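The values are calculated or read from the model by the stated rules, or taken from the named source; none is laboratory data. Fair warning: this is a prediction, and the values are worked out from it, not measured in the lab. Ideal geometry is used to build each Cβ from the backbone, glycine not excepted, and the neighbour counts take in all protein chains shown. Ligands, DNA and RNA are excluded from the accessible area calculation, which covers all protein heavy atoms including side chains. Shrake-Rupley method; radii C 1.70, N 1.55, O 1.52, S 1.80 Å.
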Amino acid sequence: MAIAFHTTDLILTGLTAVGIFQMAWLSVFLVRKGQRPAVIQQVIRPMVAIWVLMWPVYIDVHWIWFGLLILASPLMLGSNLEAPFWLALRSAWSVPPHQRGSLPQPMHMLPMFYFFVALVIAAAFFTNIPEFGLGLGLCLCLGFPGAEMLDRLRRMPLGFPTHPEQTLPGHLLLIMLCAIALSWSIHVFHGIDWQPALIATLIAGIVASICRAIIPGGLNQAAAIFAMGVTLWLL
């Protein structure tokens, strides 16, 4: 499919490139200051929501895929290069040392790779059903980091075998943020009052919560985004 060249899309792609490499630089700065990788990742992922909010501005939505390629570049460079900057980025975007096991060194950046896969799924929905895709992208960038932040307080743990660190407040926050983000997204594209959509989006949020709880590893985010999109499409 031919991609049209519009000034708006070129400017947004340029801004995306600048923003992504600024996030990489910020991650390196924070890890060198002694900040924990898990905290850095919680800070970085919501920053991507700024780009997600720009998705409706694109004239040709296929330019979003160029933004995803740009986002993939620091992941690939950090996984394969041994220069000090990229080694620091690998550390900032890595899994905790006690979870690495026998993983090869390039695979230490799995948390951000998992996030990238989930973002690709949200972008695919946006390309085909933009009123769903925008909300799904916001759920990923805001809902999941918010839930993880509450989980770190360790209040009311749920004791799931696959994710024992997850808590009831974290899941409730995820459901609430997903319902609000998806309802708002539908409102943006269709101009209807967003409250009537809350029942359907609450169901989608519950589906995300279930996926987050029962699917092992970081792929639960990608599975949750896909399952929410399918749920909304069926409803």
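Details
- Probe 1.4 Å, all protein chains present, accessible-area order of His190, His62, largest first: His190, His62
- Charged neighbours of Trp55, selected by a Cβ distance under 15 Å, balance to -3 (K, R count +1; D, E count -1).
- Among 8-17, 222-231, sorting by the average number of other beta carbon atoms lying within 10 angstrom of each residue, highest first, gives 222-231, 8-17.
- Dividing the mean sequence gap of close Cα pairs (under 8 Å, 6+ apart) by how many residues the chain holds gives a relative contact order of 18 percent.
- Solvent-accessible surface ranking, highest first, for Val43, Val52 at 1.4 angstrom: Val43, Val52
- Kyte-Doolittle at least -1.0, axis length at least 15 Å by Cα - qualifying DSSP helices, the chain: 7-32, 37-52, 64-80, 110-128, 168-190, 198-214, 220-234
- Global geometry of the chain, whether rounded, prolate or oblate, following the gyration tensor of its Cα atoms and the 1.5 cut on a/c: oblate
- Order of exposure, largest accessible area first, which applies to Asp193, Asp151 with probe 1.4 Å: Asp193, Asp151
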